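Asks: Please find one structure pasted underneath; my questions will follow.
The values are calculated or read from the model by the stated rules, or taken from the named source; none is laboratory data. Values in this document were obtained by computation on a predicted structure and should not be read as measured data. Glycine gets a Cβ as well: all are built from the backbone with ideal geometry, and neighbour counts include every protein chain shown. Surface accessibility is based on the protein's heavy atoms, side chains included, excluding ligands, DNA and RNA. Shrake-Rupley method; radii C 1.70, N 1.55, O 1.52, S 1.80 Å.
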Amino acid sequence: MTVSPPPGYDGPSLADLAADVSTDSDETLSVSAPFTGETVGNVPACTPADVRGAAERARETQQSWSDRPVGERAATIERFASLVEDSRGDLLDLIQIESGKARLDAHEEVLDVVATTSYYADRAAEYLTPERKAGVVPLLTSVHKHRDPYGVVGFITPWNYPLTLAVSDALPALLAGNAVLVKPAEETPHTALFVARLLREAGVPEDCFRVLPGEGKRLGEPLVESVDAVSFTGSTAVGREVAAQAGRELVPATLELGGNGPIVVREDAPLGRTVTGAVRGGFASAGQLCIATERIYVHESRYDVFCDRLVERVRNLDLGANFEYSTDVGSLISETQLSKVQSHVDEAVEAGATLLTGGRHRPDVGPLAYEPTVLTDVPDDTAVACEETFGPVVTVTPVEDDEDALARANDDPYGLHGSVWTGDPATGKSVARELDCGTVCVNDAYISMWASTGAPMGGRNDSGIGRRHGDEGFQKYTETQSVAVQRGHPIAPPAGVPNRVVAATLSAYLRLTRAVGLR
Ligand code: ADP
């Protein structure tokens with residue numbers, strides 16, 4: 001097995017990408033390939049001073065980027081999408097080298113970046129056009145709402161979607177006229193550095209999109225201190241720290257955090273399609289996906305047959321650590337992740353859960369390969385039931401009816417994503433509306449939601465604050481300024497008119513405008 005880029009890789013070498021990091025520090029981050037465990041690169045680790053310096057330079061450059069006509073920024077970002085498409089094979093290799101995910105899972109990331117680019121590039125001008133608002137005195141008060149970029153936006157991103165999460169949410173920030181600083185996960189900095197190269201090649205000024213590899217706990221604070229808005233994707237525990245710091249700095253923060261995705265399989269669910277969806281939802285990116293399926297609640301009348309069919313499909317999944325499209329489930333990212341998944345499964349089995357399939361580390365496949373796993377009879381108080389496992393593990397539980405399914409699904413601190421499976425989409429939609437999650441799919445695992453870029457995505461409860469995608473995904477990177485232009489006399493007591501008369505006149509005016517529906 002090779003961990004250097006596979007034959008056909010035509011992108012920059014990993015050492016070459018590492019050389020793009022701007023720092024005087026001689027500390028490095030060692031990056032290893034989950035497929036083999038071997039070190040594939042050493043990337044300079046930025047210091048807090050590097051972060052502050054990058055923010056200063058970003059601030060100096062941002063104004064000229066923001067002064068460009070929005071159509072020019074959109075054309076630049078569209079060029080980036082074309083470069084991503086042209087570099088697809090190399091990006092897939094790089095994502096796989098760093099994250100160990102299956103090739104189809106990496107491919108989803110590339111599709112996502114191209115689709116998100118087009119969505120926002122097409123709409124940026126419209127979002128930034130000043131909007132006329134009703135003025136308090138018709139004809140005399142003219143009000144417009146303007147949107148300005150915040151300035152410099154900081155992104156702290158995780159390893160599980162090293163391409164998508166390094167750039168997709170940053171694209172609307174750039175289009176809005178912001179500069180962007182990205183602190184990628186320690187495990188996957190090369191993919192973010194490749195993205196920065198492609199953005200530069202497309203015409204984004206170097207200091208407007210800087211990648212700052214380094215340790216999160218060392219760079220998080222200086223980053224949040226130096227930027228005007230922050231976007232964090234990662235664990236709930238770290239999200240709370242980032243939010244607390246953003247609160248102290250009074251900068252807006254959007255946080256997409258953990259999940260423990262429930263799915264509801266109704267009595268009338270078409271089982272073939274439901275099993276296909278549950279497999280995708282549970283095992284895409286080896287379950288290392290915030291919106292993954294972790295808990296499956298099945299109507300009791302279909303429980304046995306559902307379990308049989310699910311197990312049959314899961315046993316046939318091809319677990320692999322390679323660059324081939326034939327692999328269905330890739331590797332876990334790290335020893336930490338492997339031991340977490342193992343301990344969740346082992347604890348559940350010791351507590352009485354039944355292992356229907358999987359449950360084994362497979363070093364014969366790869367040092368971090370873990371079998372796709374299905375558990376039933378899982379006690380409610382085990383970690384696999386009530387925490388995010390973030391691995392290729394699903395639990396299946398029989399339920400009496402929709403109410404029972406919803407009560408169990410919602411008895412959870414998270415609220416990121418869920419799905420409902422049914423032969424009756426209208427009822428499915430009603431059940432979906434009762435799931436306490438930021439997004440829900442009916443008769444699909446997650447892609448119909450994720451890829452519908454116009455709809456906002458994000459978490460409720462412990463799964464976060466704020467949304468990516470849709471109007472919200474753009475507007476969160478702008479702050480509004482409203483300007484009211486008053487013609488004639490200002491709305492202030494005229495000289496010599498008693499305040500009592502002014503008060504009565506204003507009240508009469510308010511009554512009139514309410515009566516004629518002017519407000
Ligand atoms: P995971 O458990 O999936 O690795 P984390 O929340 O630990 O998720 O990491 C997500 C991102 O947050 C990574 O880029 C990581 O370096 C960064 N990070 C980790 N700790 C901190 C921290 N204390 N402050 C800011 N960022 C952090």
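Asks: Can you grab the distance from the C-alpha centre of segment 350-387 to the C-alpha centre of segment 105-179, Å, no decimals?
Replies: Value for the Cα centre distance between the two parts: 40 Å.
Asks: Counting only residues 5 or more places away or on other chains, whose amide H sits under 5 Å from the amide H of V420 once H atoms are built in the peptide plane?
Replies: It is V264, C441, V442, N443, D444, by chain and number.
Asks: In the P(r) worked out for segment 261-458, what percent of Cα pairs fall beyond 27 Å?
Replies: Value for segment 261-458: 23 percent of Cα pairs lie more than 27 Å apart.
Asks: Say the cut-off is 29 Å between C-alpha atoms; which of K217/K340; K101/K429; K183/K476; K101/K340; K340/K476 go over it?
Replies: From the list (K217/K340; K101/K429; K183/K476; K101/K340; K340/K476), the Cα-Cα distance tops 29 Å for K101/K429; K340/K476.
Asks: Could you provide, to the nearest whole Å², the per residue accessible area of the chain with probe 1.4 Å?
Replies: 41 Å²
Asks: Sticking with this one: Out of A515, A484, G287, whose Cα points farthest toward the positive end of the dipole of the chain (charges: +1 Lys, Arg; -1 Asp, Glu; placed on Cβ)?
Replies: Toward the positive end, the furthest listed residue is A515.
Asks: Kindly write out, for segment 480-487 in residue order, the coupling ³J(HN,Hα) from the Karplus curve 6.51 cos²θ - 1.76 cosθ + 1.60 (θ = phi - 60°), rounded to whole Hz, with x marking Gly and Pro.
Replies: Karplus-based 3J(HN,Hα) across segment 480-487 equals 8, 10, 9, 10, 10, 10, 9, 9 Hz.
Asks: Per DSSP H run of at least 4 residues, take -39500 (n - 2.57); add these up for the chain, divide by its residues and hand me the 222 nm value, nearest 500 deg cm²/dmol.
Replies: Result for the chain: -13000 deg cm²/dmol, rounded to the nearest 500.
Asks: K183 accessible area, nearest 10 Å², 1.4 Å probe?
Replies: 10 Å²
Asks: Binning at 5 Å from 0, report for segment 136-186 what percent of all alpha-carbon pair distances ends up in each bin.
Replies: Answer for segment 136-186: a P(r) of 5, 18, 20, 15, 10, 7, 7, 6, 5, 4, 3, 0 percent.
Asks: Moving on to the next point. What number does segment 210-265 give for Rg over Rh if you use C-alpha atoms and the Kirkwood radius?
Replies: On the Cα set of segment 210-265, Rg over Rh gives 1.08.
Asks: Could you pull out every residue, at least 5 positions away or on a different chain, whose amide H is within less than 5 Å of the one on G464? Hs are placed 1.01 Å off N in the peptide plane, and Pro or chain starts have none.
Replies: L257
Asks: For segment 1-148, report the % of Cα-Cα distances exceeding 29 Å.
Replies: Cα-Cα pairs of segment 1-148 separated by over 29 Å account for 42 percent.
Asks: Over the residues of segment 1-67, compute the C-alpha Rg and express it relative to 2.2 N^0.38 Å.
Replies: 1.48
Asks: Roughly how many whole Å is it from the C-alpha centroid of segment 1-67 to that of segment 445-493?
Replies: Centre-to-centre (Cα) distance: 32 Å.
Asks: Another question about this same structure. At what distance in angstrom do the alpha carbon centres of segment 213-240 and segment 290-306 lie from each other?
Replies: Between the Cα centre of segment 213-240 and that of segment 290-306, the gap is 36 Å.
Asks: Another question about this same structure. To the nearest 10 square angstrom, how much accessible area does H146 have with a 1.4 angstrom probe?
Replies: 60 Å²
Asks: At a 1.4 Å probe, what is the % contribution of carbon and sulfur to the accessible area of segment 261-458?
Replies: 46 percent
Asks: Let me ask something else. Taking R0 as 41 Å, what FRET efficiency do you get between T427 and S118 from their Cβ-Cβ distance, rounded to the nearest 0.05?
Replies: About 0.75, to the nearest 0.05.
Asks: Further question: Let's see if you can work this out: charge +1 on each Lys and Arg Cβ, -1 on each Asp and Glu Cβ, no other charges. What is the dipole magnitude of the chain about its Cα centre, in debye to the nearest 20?
Replies: Dipole about the Cα centre, nearest 20: 2800 debye.
Asks: Considering Cα pairs under 8 angstrom that are at least six residues apart, work out the relative contact order of the chain and quote it in whole percent.
Replies: Result for the chain is 17 percent.
Asks: On to the next question. Mind giving me the FRET efficiency for H489 and E215? R0 is 56 Å, r the Cβ-Cβ distance, nearest 0.05 is fine.
Replies: Efficiency, rounded to the nearest 0.05: 0.40.
Asks: Of the GluC sites (Glu not before Pro) in segment 23-73, which ones lie in a loop per DSSP and count no more than 14 other C-beta atoms within 10 Å?
Replies: E27, E38
Asks: Also: Take the Cα coordinates of the chain, assign each an equal point scatterer, and use the Debye formula without solvent to give log10 I(q)/I(0) at q = 0.08, 0.12 Å⁻¹.
Replies: For the chain, the Cα-only Debye profile gives -0.55, -1.08.
Asks: Sticking with this structure for a sec: Any idea what log10 I(q)/I(0) is at q = 0.14, 0.22, 0.23 Å⁻¹ for segment 46-123, Debye with uniform C-alpha scatterers and no solvent?
Replies: The calculated log intensity ratios at q = 0.14, 0.22, 0.23 Å⁻¹ are -0.69, -0.94, -0.95.
Asks: Each residue of segment 242-258 in order: what ³J(HN,Hα) in whole Hz does its phi give by Karplus 6.51 cos²θ - 1.76 cosθ + 1.60, θ = phi - 60°, with x for Gly and Pro?
Replies: Using θ = phi - 60°, the values come out as 5, 5, 5, 5, 4, x, 5, 7, 6, 10, x, 10, 10, 9, 10, 10, x Hz.
Asks: In sequence order, what are the phi-derived ³J(HN,Hα) couplings for segment 441-446 according to the Karplus relation 6.51 cos²θ - 1.76 cosθ + 1.60 with θ = phi - 60°, rounded to whole Hz, with x for glycine and proline?
Replies: 9, 10, 6, 7, 7, 7
Asks: Taking one equal scatterer on every alpha-carbon of segment 253-378, how large is log10 of I(q)/I(0) by Debye at q = 0.10, 0.21, 0.22 1/Å?
Replies: The Debye formula, applied to the Cα set alone, gives -0.32, -1.35, -1.44.
Asks: Check each of the GluC sites (Glu not before Pro) in segment 211-291 and keep only those in coil by DSSP with at most 16 other C-beta atoms within 10 angstrom; list them in order.
Replies: Answer by residue number: E215, E267.
Asks: Give me the percent of Cα-Cα pairs in segment 251-298 that sit more than 17 Å apart, rounded to a whole number.
Replies: In whole percent, the share of Cα-Cα pairs in segment 251-298 beyond 17 Å is 41.
Asks: Let me ask you something else. Taking H placed 1.01 Å from N in the peptide plane, check which residues at least 5 places from T293 or on another chain put their amide H under 5 Å from its amide H.
Replies: G282
Asks: Where nothing but the Cβ of Lys and Arg (+1) and of Asp and Glu (-1) is charged, how large is the charge dipole of segment 261-458 around its Cα centre, in debye to the nearest 20?
Replies: Dipole about the Cα centre, nearest 20: 760 debye.
Asks: Let me ask something additional. Roughly what % of DSSP beta bridges within the chain run antiparallel, to the nearest 5?
Replies: DSSP beta bridges in the chain are roughly 40 percent antiparallel.
Asks: Tell me, what is the 1.4 Å probe accessible area of D105, in Å² to the nearest 10?
Replies: Solvent-accessible area, nearest 10 Å²: 0 Å².
Asks: Helix 103-128 versus the longest principal axis of the chain: what angle, 0 to 90°, nearest 10, using Cα atoms?
Replies: Helix 103-128 sits roughly 10 degrees off the main axis of the chain.
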